[in-house]
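Q: Would you mind keeping the following structure in view while I ask a few things?
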Amino acid sequence: MDVPYYPTHEFGPLMKGLIIGGIGIVHVFLAQFAIGGGLLMCYFQWLAGSRGSQLARQFVDGYFKVLVLISFVVGAVTGVGLWLTSIQISPRTIGIMVDEFHWVWATEWTFFCLEIVAGYSFYRYSRILNDRNRLFLLATYSAAAWFSLFWINGILSWQLTPGEWVAERNVWAGFFNPSFLPSLIFRTVTSMVIAALVACIVINLIPDLSRSQREKLIAKAGHFTAPMVLMPLLGIWYMASIPADSRQWIMGGSVAMTMFFALGIGCSLLIGGYALFSLLRGGLYINVATATLLCLLGFLATAGGEFVREGVRKPYTIRTVLYSNSVTPDELAYLRRVGSVTNDPYPLLSSDEIPTDQLQLGAKVFRFQCSVCHTVQGANGLTHLTGTWTPMQLRLNVAQLQRTKPFMPPFAGTPEELEALAQWIEWHNSGSMDDWSAADSGASLTQIASWLDEVGTRPGIDLMNEPRVSGGAQ
């Protein structure tokens with residue numbers, strides 16, 4: 001079996017997932033702002049054309065400048081940054097996605113190009129166009145932006161709920177997967193709300209507007225927050241569409257995911273409550289400080305939602321197909337026999353600082369199997385997670401990793417590699433001494449082999465609801 005190896009990149013004390021997650025959250029927030037902003041501007045341009053509202057026309061011109069500067073520039077840069085970091089950190093995941101959905105990606109890029117052309121055409125020529133042509137360009141921009149979301153959403157939701165694609169390997173079976181529709185509608189509503197919150201900031205910053213004029217514009221923008229009443233139902237629909245084990249991570253199986261889920265819900269409730277009782281029913285005026293605070297809450301809600309969306313796929317990056325460490329289930333069983341780094345062609349950086357061959361082997365095992373989600377002494381660092389474990393406890397917990405942490409992949413290597421990893425972690429926990437003498441590990445290797453055989457190679461999510469049989473294979 002030919003197992004692919006890729007060069008890896010380190011980011012010091014930062015966990016690799018934090019790099020992708022940080023860039024991704026900013027990009028998603030700005031992309032949703034661009035989508036909702038297009039819809040919002042169509043609405044205001046319609047008001048300008050059909051109702052003769054010069055105030056609405058003035059708002060569209062001011063709002064679009066913000067959209068161009070923030071979404072077109074910062075959004076484009078973070079999009080490129082997301083691709084760059086993704087192919088460095090998880091190249092195999094990206095490779096499978098592009099291989100399976102290359103024509104879908106191509107279609108999305110076509111809509112993205114149309115979005116850019118329509119947007120910059122409006123930016124350049126809007127002042128000399130009549131209301132009908134202005135609306136045409138904005139509608140073209142808005143439709144292209146939403147269809148860009150349509151195609152991207154199918155690919156992203158496929159990672160968690162590939163559906164019949166697993167058996168059929170049919171592109172459309174994967175694209176129109178169980179969570180495709182609830183995710184698409186939820187993102188559309190989110191985009192509308194973000195656009196309305198940004199609109200409240202822009203309205204306050206437009207010069208030469210009276211208080212009453214701002215109130216009128218804010219009241220119109222507030223209409224775009226009304227779909228938030230659907231969010232609880234959409235959330236329940238989405239939760240019902242994802243696998244049961246993924247729901248368990250949210251409902252307490254993973255403390256981090258539960259906290260971020262609560263963050264997303266809490267911020268959404270604050271925004272929704274304010275929108276309902278202040279904007280829609282009370283008709284209150286929102287100043288720039290309040291609008292900015294609501295936008296920050298919207299960003300936090302986006303961050304919580306994106307963290308949970310990524311996290312509930314664990315232990316996979318593509319459910320049932322590829323583990324988070326870029327090993328497939330079939331390859332895992334093979335690597336248990338031959339070793340996970342036996343054919344790894346890449347040398348270690350600073351290998352002269354690691355005193356023994358066994359510790360160097362452990363470092364390579366960490367790099368291949370663990371480094372995508374862990375650092376040594378930084379964020380999610382192994383020295384912090386294992387600092388109080390005894391050597392035997394460390395070996396057992398790694399050998400039966402899918403029981404220790406069911407959202408982590410099973411260990412994919414030989415007993416010798418596991419012992420080398422344990423020694424490497426112990427060496428770091430002991431201060432990375434220049435001279436390291438490991439104890440005779442013959443008995444440890446026998447025990448490790450027994451533990452590995454007992455738990456097998458199935459993921460923890462398959463073992464969670466099965467009775468545990470002590471001393472036997474699962």
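The values are calculated or read from the model by the stated rules, or taken from the named source; none is laboratory data. Predicted model, so just to flag it, every value in this text is computed and none were measured. No Cβ is skipped: glycine too gets one built from the backbone with ideal geometry, and neighbour counts run over all protein chains shown.
Q: So, in the range 294-313, exactly how many residues are in a helix (DSSP H, G or I) and closer than 17 Å to residue 234 by Cβ?
A: Of the residues in the range 294-313, 8 are in a helix (DSSP H, G or I) and closer than 17 Å to residue 234 by Cβ.
Q: Here's another thing I want to ask about it. Can you list residue pairs whose Cβ atoms sit under 8 Å apart, with the first residue in the range 214-239 being surrounded by fewer than 16 Cβ atoms within 10 Å (Cβ to Cβ) and the second being small (Gly, Ala, Ser) and assigned to a helix (DSSP H, G or I)? Count only pairs 6 or more apart in sequence or on different chains.
A: Short answer, once both residue conditions are applied: 223/196; 229/272.
Q: Next question, about the same structure. Is the range 396-412 home to any residue that is surrounded by fewer than 23 Cβ atoms within 10 Å (Cβ to Cβ), in a helix (DSSP H, G or I) and touching an Asp or Glu at 6+ places or on another chain (Cβ under 7 Å)?
A: Among the residues of the range 396-412, not one is surrounded by fewer than 23 Cβ atoms within 10 Å (Cβ to Cβ), in a helix (DSSP H, G or I) and touching an Asp or Glu at 6+ places or on another chain (Cβ under 7 Å), which makes the answer no.
Q: Return the residues of the range 413-431 that are over 34 Å from the mean Cα position of the chain (by Cα) and either buried (at least 16 other Cβ atoms within 10 Å of the Cβ) or in a helix (DSSP H, G or I) (or both); say none if nothing qualifies.
A: 416
Q: Which residue pairs have Cβ atoms closer than 6 Å, lie 6 or more positions apart in sequence or on different chains, and pair a first residue in the range 420-439 that is in the same structural domain as residue 390 (by TED's automatic domain parsing) and over 18 Å from residue 367 (Cβ atoms) with a second residue that is outside any helix (DSSP H, G or I) and of a type in the set (A, V, I, L, M)?
A: none
Q: So residue 251 ticks every box in (1) of a type in the set (A, V, I, L, M); (2) exposed (fewer than 15 other Cβ atoms within 10 Å of the Cβ); (3) over 30 Å from residue 463 (Cα atoms) but one. Which box is left unticked?
A: (3)
Q: Tell me which residues, restricted to the range 330-369, are buried (at least 21 other Cβ atoms within 10 Å of the Cβ) and under 23 Å from the mean Cα position of the chain (by Cα).
A: Of everything in the range 330-369, those that are buried (at least 21 other Cβ atoms within 10 Å of the Cβ) and under 23 Å from the mean Cα position of the chain (by Cα) turn out to be 368, 369.
Q: Go through the range 56-74 and count every residue that is more than 19 Å from residue 124 (Cβ to Cβ) and either modelled with pLDDT under 90 or surrounded by fewer than 20 Cβ atoms within 10 Å (Cβ to Cβ) (or both).
A: 1
Q: Please determine, by comparing only the residues of the range 148-164 that are aromatic (Phe, Trp, Tyr) and surrounded by fewer than 22 Cβ atoms within 10 Å (Cβ to Cβ), which one is nearest to residue 184 (Cα to Cα).
A: Here the answer is 150.
Q: Of the residues that sit in the range 90-120 and are among the aliphatic types (A, V, I, L, M) and without any contact (Cβ under 8 Å) to a residue 40 or more places away in the chain, which one is surrounded by the most Cβ atoms within 10 Å (Cβ to Cβ)?
A: Among them, the one singled out is 118.
Q: All but one of (1) touching a residue at least 24 places away in the same chain (Cβ under 8 Å); (2) on the phi > 0 side of the Ramachandran plot hold for residue 157; which doesn't?
A: Exception for residue 157: condition (2).
Q: Another question, if that's okay. Can you pull out every residue in the range 81-137 that is farther than 30 Å from residue 328 by Cα and basic (Lys, Arg)?
A: Selection gives 124, 127, 132, 134.
Q: Condition test on residue 24, is it in contact with a Ser or Thr (Cβ under 6 Å, 6 or more places away or on another chain) and buried (at least 19 other Cβ atoms within 10 Å of the Cβ)?
A: Criteria not met by residue 24.
Q: Quickly run through the range 196-208 and pick out the residues that are farther than 20 Å from residue 69 by Cβ and buried (at least 16 other Cβ atoms within 10 Å of the Cβ).
A: Passing the criteria: none in range.
Q: Right, something else. Does residue 291 fit the bill of being part of a helix (DSSP H, G or I) and over 23 Å from residue 20 (Cα atoms)?
A: In short, yes.
Q: Suppose the filter is in contact with a strand residue (DSSP E or B) (Cβ under 7 Å, 6 or more places away or on another chain), surrounded by 18 or more Cβ atoms within 10 Å (Cβ to Cβ) and either in contact (Cβ under 8 Å) with a residue 60 or more places away in the chain or among the basic types (Lys, Arg) (or both); does residue 322 pass it?
A: yes
Q: If residue 458 satisfies all but one of (1) outside any loop (DSSP other than H, G, I, E, B); (2) of a type in the set (D, E, K, R); (3) at pLDDT 90 or above, what's the number of the condition it fails?
A: Every condition holds for residue 458 apart from (1).
Q: If residue 179 passes every condition in (1) under 18 Å from the mean Cα position of the chain (by Cα); (2) closer than 27 Å to residue 47 by Cβ; (3) of a type in the set (Gly, Ala, Ser) but one, which one does it miss?
A: That leaves (2) as the condition not met.
Q: Could you tell me which of the residues 146, 165, 151 is hydrophobic (A, V, I, L, M, F, W, C) and farther than 21 Å from residue 109 by Cα?
A: Being hydrophobic (A, V, I, L, M, F, W, C) and farther than 21 Å from residue 109 by Cα holds for just one of 146, 165, 151, which is 165.
Q: Select from the range 50-74 the residues that are in contact with a helix residue (DSSP H, G or I) (Cβ under 6 Å, 6 or more places away or on another chain) and among the small types (Gly, Ala, Ser) and write down the one among them that is nearest to residue 29 (Cα to Cα).
A: Residue satisfying both the conditions and the ranking: 71.
Q: Hey, another quick one. Looking at the range 1-27, which of the residues that are small (Gly, Ala, Ser) and under 11 Å from the mean Cα position of the chain (by Cα) is nearest to residue 89 (Cα to Cα)?
A: My answer is 17.
Q: Let me ask something else. Are any residues in the range 1-21 surrounded by fewer than 21 Cβ atoms within 10 Å (Cβ to Cβ) and assigned to a helix (DSSP H, G or I), and if so, which ones?
A: 17, 18, 19, 20, 21
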